[in-house]
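Here the structure is laid out as structure tokens; the discussion comes afterwards.
The values are calculated or read from the model by the stated rules, or taken from the named source; none is laboratory data. Keep in mind it's a predicted model, so treat the numbers as computed, not measured. Counting neighbours? That spans all protein chains shown, and the Cβs are built from the backbone with ideal geometry, glycine included. Side chains included, ligands, DNA and RNA excluded: accessible areas come from the protein's heavy atoms. Shrake-Rupley method; radii C 1.70, N 1.55, O 1.52, S 1.80 Å.
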Amino acid sequence: FEILNLDMKPGNTLKVKGKISADTNGFSINLGSSSKDLALHFNPRFNESVIVCNSKSCNVWQKEHRDSHLPFFRGCTVKFLIEMLTDKFRVKLPDGHEVCFSNRHSYRKINYMSIMGGFKITSFKL
């Protein structure tokens with residue numbers, strides 16, 4: 001799933017709802033200007049019981065941020081709220097826990113969104 005004209009700006013919230021595959025090791029929600037330049041890579045990994053957040057610049061990954069709070073599981077339906085602020089992204093998890101990740105490259109506009117791996121999107125709203 002890929003969108004090339006998202007037009008997300010600081011102050012906007014993206015709502016993503018979908019079903020996690022029963023047999024997946026993980027999935028990712030990616031926001032940035034292209035697949036090679038990501039402001040936010042949100043990547044729950046079930047085999048490690050961790051949520052990894054990262055950014056990518058010129059197709060090079062940066063330092064991972066790891067959060068061991070994983071309040072959802074394979075096979076369930078979930079909703080994530082991703083808020084873009086000037087200095088960070090705030091991802092609200094289904095249980096209300098928040099994962100914050102710095103806007104490392106000072107993005108002022110996000111055009112690109114992709115969802116990869118074992119997540120079937122059912123709706124999204126900006």
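Details
- J(HN,Hα) series, the stretch 43-58, from Karplus relation 6.51 cos²θ - 1.76 cosθ + 1.60, nearest Hz, glycine and proline x: 9, x, 10, 6, 5, 10, 6, 8, 10, 9, 10, 7, 9, 9, 10, 6
- Here the 3J(HN,Hα) profile of the stretch 116-126, calculated from phi with Karplus coefficients 6.51, -1.76 and 1.60 at θ = phi - 60°, is 10, x, x, 9, 9, 6, 10, 6, 8, 8, 9 Hz, Gly and Pro shown as x.
- Based on alpha-carbon atoms, the Kirkwood radius and the radius of gyration of the chain give Rg/Rh equal to 0.92.
- Once the 1.4 Å probe is applied to the protein heavy atoms, the chain comes out at 50 Å² accessible per residue.
- Near the amide H of Asn12, within less than 5 Å, lie the amide hydrogens of Met84, all on another chain or at least 5 residues away, with H placed in the peptide plane.
- Cut-off 17 Å, label 7 Å out along Cα→Cβ of Met116, residues of the stretch 49-66 by amide N: 51-65
- Couplings 3J(HN,Hα) of the stretch 106-114, computed from phi: 6, 4, 10, 7, 10, 9, 9, 9, 9 Hz, in residue order, whole Hz [Karplus 6.51 cos²θ - 1.76 cosθ + 1.60, θ = phi - 60°; x for Gly and Pro].
- For the stretch 23-78: rounded, prolate or oblate by the Cα gyration tensor [a/c cutoff 1.5]: prolate
- Taking only protein heavy atoms and a 1.4 Å probe, the accessible area of the chain is 47% carbon and sulfur.
- Val50 long-range amide H proximity, modeled H, under 5 Å: Arg45
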